[in-house]
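To start, the structure itself, in structure tokens.
The values are calculated or read from the model by the stated rules, or taken from the named source; none is laboratory data. Because the structure is a prediction, the values reported are computed rather than measured. When we count neighbours, we look across all protein chains shown, and the Cβ atoms used for this are built from the backbone with ideal geometry, even at glycine. To get the accessible areas, we keep the full protein, side chains included, count just its heavy atoms, and leave off ligands, DNA and RNA. Shrake-Rupley method; radii C 1.70, N 1.55, O 1.52, S 1.80 Å.
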Amino acid sequence: GFFLNGRNVTIYGFANHMTHLGVGEAMSDSMREYQMRTLRDMGSNGFRCAHSPHGEGTYDWCDRYGQLMMDENRIFHSSDICIDEVERMVKRDRNHPSVIMWSLYNEEDTVTHETGKRIFNTLAAKARRLDDTRPMSGATSYGVFSEHAHDDYDLIGINHETAYFDKLHSFKPGKPIYCSEMISPVGVKSSDGVYGLDARVSEKDYVIGGFHFTAWA
């Protein structure tokens, strides 16, 4: 699981795009404060920056309101431009105590191939040179059980495929898993007739928690 200052903590968080009704991405600092305060009041303790770095005010308010952040890179590529984007994300955000991990991609099917694995390691190496205190991860939807998948990851993030967590854990027993994107815990029935499967999986010993998608449409 996940430990914060020596205390076992399960992440019950939300993932959200950098948008707000009526203004899109042109969010004021007061809007960012409202979002983070509302999440805290709902009982949230985590926030995923889906699917790119957010404005700096979001990080300030996550620091203030105790939201454990999954900070996410947008473009999964090893070009100079994309490496520079990762570098700027890490340099800008590494002094925020709320940031607990770096996510290098979201739902990239290339991560199941050798090319994708090399891209991940290239971006992770750049991030680690700038900050070796936080784990490297990504949000996976494809090829969860591909050969050598996640070998180079510190944390395994999976979008929605919670029914396979036990099997994945048996393959990778030394790596913590989390639900990088989960459905609402109420009102949705799984194939086996169980409500809220994603939320219950988050409470397994080897799972550090997860992020519901989404807090605001």
- Given [x] 27; [y] 35; [z] 19 as possible values of percent of Cα pairs over 30 Å apart, the one from the coordinates is [z]
- Item | Size-normalised alpha-carbon gyration radius of the stretch 22-88, reference 2.2 N^0.38 Å | 1.24
- Message: Give me Rg/Rg_expected for the stretch 87-137, where Rg uses Cα atoms only and Rg_expected = 2.2 N^0.38 Å with N residues.
- Response: 1.17
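Quick one: pull the percent of accessible area on the stretch 1-66 belonging to carbon and sulfur, 1.4 Å probe, ligands and nucleic acids left out.
After summing per-atom areas, the C and S share lands at 51 percent.
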- Task: Between beta-carbons, use under 11 Å as the cut-off and find the net charge around Asp198, counting Lys and Arg +1, Asp and Glu -1.
- Result: -2
- Message: Beyond a 19 Å Cα-Cα separation, which of these cross-linked pairs lie in this structure: Lys175/Lys204; Lys91/Lys175; Lys117/Lys204?
- Response: Lys91/Lys175; Lys117/Lys204
- Residues of the stretch 5-117: accessible area per residue at 1.4 Å, in Å²? 47
- Note on the structure: In the neighbourhood of Arg32 defined by beta carbon distances under 11 Å, the net charge of the other residues (Lys, Arg +1; Asp, Glu -1) is -2
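For the stretch 68-217, which whole percent of the accessible surface, found with a 1.4 angstrom probe, sits on carbon and sulfur atoms?
Reported share for carbon and sulfur atoms: 50 percent.
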- Query: Do the sum for the chain: with -39,500 (n - 2.57) for every DSSP H run of n ≥ 4, divided by all residues, what is the mean residue ellipticity at 222 nm, to the nearest 500 deg cm²/dmol?
  - Reply: -9500 deg cm²/dmol
- Task: Just read off the accessible area of Asp60 with the full protein assembly in place, 1.4 Å probe, to the nearest 10 Å².
- Result: 80
